[in-house]
1. Around B:I359, which amide H atoms from residues at least 5 apart in sequence, or from another chain, sit under 5 Å from its own amide H, with H modelled in the peptide plane?
2. Give me the percent of DSSP beta bridges within the protein assembly as shown that run antiparallel, rounded to the nearest 5.
3. For the protein assembly as shown, with only Lys/Arg (+1) and Asp/Glu (-1) charged at the beta-carbon, what is the dipole magnitude about the Cα centre, in debye rounded to 20?
4. Please rank B:F37, B:F230, fewest neighbouring Cβ atoms within 10 Å first, as an exposure proxy.
5. Compute the FRET efficiency between B:E391 and B:N155 as 1/(1 + (r/R0)^6), taking r as their Cβ-Cβ distance and R0 = 51 Å, and round to the nearest 0.05.
6. Considering the options B:G488, B:A471, B:H458, tell which one lies farthest towards the positive end of the dipole of the range B:439-495, charges being +1 on Lys and Arg and -1 on Asp and Glu at the Cβ, about the Cα centre.
7. Do any GluC sites (Glu not before Pro) in the range B:75-155 lie in a loop, going by DSSP, with at most 14 other beta-carbon atoms within 10 Å of their beta carbon, and if so which?
8. Amide H to amide H under 5 Å from A:T6: which residues, 5+ apart in sequence or cross-chain, H placed 1.01 Å off N in plane?
Amino acid sequence: MTKQVTIDAKGVHYTPLNQQIRKALEDGADEVVVNNVLGQRFIGDGLHGDATIRVNGVAGGDLAMFMSGPTIIVHGNAEHAPGNTMDSGKVVIHGSAGDAVAHSMRGGKVFVRGDIGYRGGIHMKQYETQRPILVVGGSAQTFLGEYMAGGLLVVLGLDGVMKAREIGSGIHGGEIVIRGDVDDACLAAGAKKVPLTDEDRTRIAPVLREFADDFGLDPEPIVNANYTRIVPASARPFAGKYTWE
Amino acid sequence: MNACNLGSMPLRYRVTIDRDQCMECGRCVENCSYGVFRQEGDKILINSRKCTACHRCLTYCPRDAIMLTEQPCDYRSHPVWSRQVREAIYNQARTGKIILAGMGSVADLPVIFDRLMLDASQVTTPPTDPLREPVELRTYLGKKPGKLDFRRKENADVELTTELTPNLMIETPILLGHMSYGAISLNAHIAMARAAREIGTYMGTGEGGLHPNLYPYEDRMIVQVASGRFGVNVDYLNRGAAIELKLGQGAKPGIGGHLTGEKVSKDVSKTRMIPQGSDAISPAPHHDIYGIEDLPQLVHAVKEATEWKKPVFAKIAAVNNNAENVAAVARSGVDAIAIDGFRGGTGAAPRVFRDHVGIPIEVAIASADKELRKQGLRNEVSLIACGSIRESPDIVKAIALGADAVYLGTAVLAAMGCRVCGNCYQGLCPWGIATQRQDLVDRLNPDVASKQVANLLHAWTLEITELMGAAGITSIESLRGNRDRLRGYMLDEGLLEVLDVKPIGA
C-alpha cells in the first residue's frame, strides 16, 4: 500500500518546504503531493530515494537540482534549470520550462511536454551506465545542447514550431535528435548531422513511448516520425586550438 | 599549418655530464621521464632539447656529475625583443595556435609583498616572546553574526539566541589550495590530506571530484564545484567539510579550464564521472550564472542540497573591478571568498592570460577588505588570499592587508619535490606530482610527502608567531586588516592609497 502525504506550500519558503518533503520521505511516504506551489525554488534539491513527488503549481528555479533517485511530476510550468546537475531519477513537467533545462545533468530523465528556453541540455554528460535523457514535446530555443558531452536530447516540436538555432555549439559527446528536418544553418560549429539509422530508432523508441505514456499521447506517430540526428563533429573540439610554450 | 623554414630553436637548457665523475650507474636514465638520457653501449648519451630543468637527474646522481645551464645560447640582446617574445613568434609562425604554458606568470613585474615591510616593537611597546606568551593563530572561516541576541533564563544565566552559521576552524591561517586530481596525482592528494589533518587545517579538492581513497580524509576537504560540474553530485557535496564554487582562477581570469583527453585516465574518469580519454571542458561561466543575480541562486541551491550544514566558499580571480566583484559575491550568501591573484598557479593556461590579465593579490585583498568594511559586509564573509604565497611573511602581510587566511598551491607542490619547471601539462612529472603515469606516481611516497608538507606548514606557523610576537601582537584578530603594522618601501603614492598603507618613515 502506498503511503501518501499532502503538503500545502502556500506562503511557505523553500527551506521549510524541502524540510517537510524530506521528513515525509524519512517517515516512509511513497508519494508526496505538494499543493499551491508558487515559484518556490530548489524543490527536491539533493533529494535521495525513490518516492514520487507531485507538484501542483509553478515550480521555481533549480527544480530537482542534484537530485538522486526520486520522481517529480509537475502539473504546471517550471522555471530556470530543472534537472540541474541531477544524478538520477525523473522529472516530468506538464507545462513548459525556462532556460538551461537539464544543465550538466549526468543521469536520469527530464520530460517537458511544452517548450523549453535557451541553452537546453547544456553540458549534459554521461559516464558508464549513467546517461541523462531530456525530451521536449514542444520547441527549444537557441543554443540547444551547447557544450553537450553525453546523453540523449530529443526535441519533438509537437506544436508545429521549432525555434532552435546554433544547435550543439561545442558539442563533444552525446546526441541530439530533432523531429523533422533541421536546416544546416541552424547547426553551430562543432555539430554535424547524420542519418538516424534503424538501430538508432530502435534505441530511442522506448524513450519516446515512455514520454508519450507520461503525457497521454499516441506513441505511434511520434515513434514513426522522421528525425534528424545531430552528433559531435569531433570528440576533441579544442584539440587543434593550442600549442605549448 | 606546419609550414616551417624556421629551423630548430636554440636550446633552452644544456645538460652536461662530468665524465670523470660519472660511473655510468644509469640513475639519470631511470629517473628522467622526459628521455634526456639514454644508455648506448657503455656511454650515457644526452638529448638536452628534451630537458625541462626538473632537476630529477641532478638530485639522484650519486656523484654530482650532472650540471645544467639555462639558455646556453644567447640571442642578440635587445631590451624590447626579448627571448620570450621572439620564441613565441617562432612558435606561432610555425603552428598558428594559442600558446599554453604551465605554472604561474613569468612576467618580470615587481612583487608588492617584497616592498611591504613588517613592523616590530621596540621600547614604546615591548615585543612578546611566543615561547613564553601564547600567540593565538586559531581562525574561524565563515559568517560572523552582525549582532548577538541574548535571553536571560529564569536561573539568571544568559543564553545566546542568535543562530550561528557553520564555520571552519583552522589552527593556523594556512589552507592547502585547490589543485584537482587529474592535474596532480592521487599520491599528491593523499599527502596533502594527511598533512591537513596533522596540522589542523583543510585542503581543496580542485574541480576533479573526490577519489574514493580520499574518503577517509573527507572531513578535511573543501570540495570544489566548477562550471564543468565534474564529479559533482549530492554525495560529493555532503562529504566535504565545506563547498567552494569556483568562479574564476587568477592564472586565467575570464576563461574556463580544459583537461585534455590524454590526462583522463581510467581512475580520473571515475572521479570526474566522464568517459576515459574524453576532454574535460569547464566553460568560462557557470551556465546557471549569467548575471550577478544568479549567483545567490547557485549558492542557495548548494546550501539547500546540504541542508545548510556546510560553509560555502566562492573563488574569484583578482581583476580591475575586484572591490565590486567581492561586494557582489559577499551579498550572494557565501561564507568565504577566495581571491586568486594574477600570479596564481595553473596546470595550463594561455600564456597571454597568465602573463597579462588580472591584478596582484596584495592589491585585491586590500581593496576587498576596504570595500567590505565600507559596505558593512566584512562580517558576512571570510577572505582567503591566494596566488603566489611564497613564504611566511607573505601570509603575515596578506593578513595585515585584510585576509583571514591563505591558500597555498605551488608552495605545497614544492614541499613535495616540485622544482617549478612549468611542464605540468606534459603529464610526465618525474616527481610523481603532476602526472597520472603509475610508475611516476609511485615515486611519490604519500607518507614521506605528507610529512614534508606538514613540516612546511609547521615551520611557517612558527615563523608567523615569531613575526607577530616581535610586533607585540598575540592574536591573529589583532593582525587582521592591521595596516598600521605595514609600511610601503618604494611604492608609489597611488598604490599606497589603494593598499591603505603608509610609506616607510611615516
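1. B:A318, B:V319, B:F342
2. On the way: 33 of 108 bridges.
In the protein assembly as shown, DSSP labels about 30 percent of beta bridges as antiparallel.
3. Details: 82 positive and 87 negative charges, 283 e Å.
About 1360 debye.
4. On the way: B:F37 22, B:F230 32.
With the fewest neighbours first, B:F37, B:F230 line up as B:F37, B:F230.
5. Values: r = 53 Å, r/R0 = 1.03.
Result of the calculation: an efficiency of 0.45.
6. B:A471
7. Details: sites: B:E87, B:E136, B:E154; in loops: B:E154.
Taking the range B:75-155 and a limit of 14 other Cβ atoms within 10 Å, the loop GluC sites (Glu not before Pro) found are B:E154.
8. Correct list: A:V33.
Read-outs throughout are calculated quantities, based only on the coordinates presented, and are distinct from any laboratory measurement. Worth saying up front: this structure is predicted, and the values here are computed from it rather than measured. Cβ coordinates were reconstructed from backbone atoms using ideal geometry, including for glycine residues, and neighbour counts include every protein chain displayed.
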